[in-house]
Ligand SMILES: [Zn+2]
């Protein structure tokens with residue numbers, strides 16, 4: 001996974017590079033799969049463990065599968081975008097919304113691939129309890145067990161690359 005900030009940066013980069021995409025749809029879709037964590041955040045707060053302490057203890061589930069992305073998150077993203085566009089009185093075109101949601105969801109799932117200890121993408125057809133493409137490197141200052149250290153190392157690396165890319169596209173587009 002990347003962090004929520006990382007996924008926001010991926011939305012920003014895509015929108016700068018492809019301004020014809022629908023920004024509302026793209027933003028919503030870039031965050032939607034992390035609905036997986038809402039339940040975990042609520043539980044973590046109730047147990048007073050704090051969101052950051054529990055961040056990588058939470059496992060991606062249904063929302064990080066292609067099946068749920070197609071059957072649930074895609075229509076949800078479209079409906080959310082249309083409602084927000086109507087509330088804000090922003091003109092919208094359905095084909096642009098659909099393609100923007102598909103791109104946003106795909107990029108989210110793709111960025112997350114090397115960062116989760118399990119790989120739920122193909123559930124229920126195929127399951128990988130051990131992610132075969134889990135990030136290999138781990139920073140030595142992370143005093144965590146092997147898998148968590150690799151997950152956090154990936155978050156740091158992915159967010160850094162996304163932040164540098166966001167700065168680069170901002171400068172290049174001026
Ligand atoms: Zn995610």
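Annotations
- Spin-label model, residue 172 to residue 79: label points 7 Å out along the Cα-to-beta-carbon direction sit 3.8 nm apart.
- Over the chain, relative contact order from alpha-carbon pairs under 8 Å, at least 6 apart, %: 32 percent
- Over segment 69-152, the ratio between the Cα radius of gyration and 2.2 N^0.38 Å evaluates to 1.50.
- Most to least packed among 95-108, 11-24 [average Cβ atoms within 10 Å]: 95-108, 11-24
- Computed from the Cα positions only, the extents of the chain along the three principal axes stand at 49, 39, 34 Å, in decreasing order.
Since every read-out is calculated from the coordinates, none of them should be taken as a lab result. Only a predicted model underlies this, so the values are computations on that prediction, with no experimental measurement involved. Cβ atoms come from the backbone with ideal geometry, glycine included; neighbour counts cover every protein chain shown.
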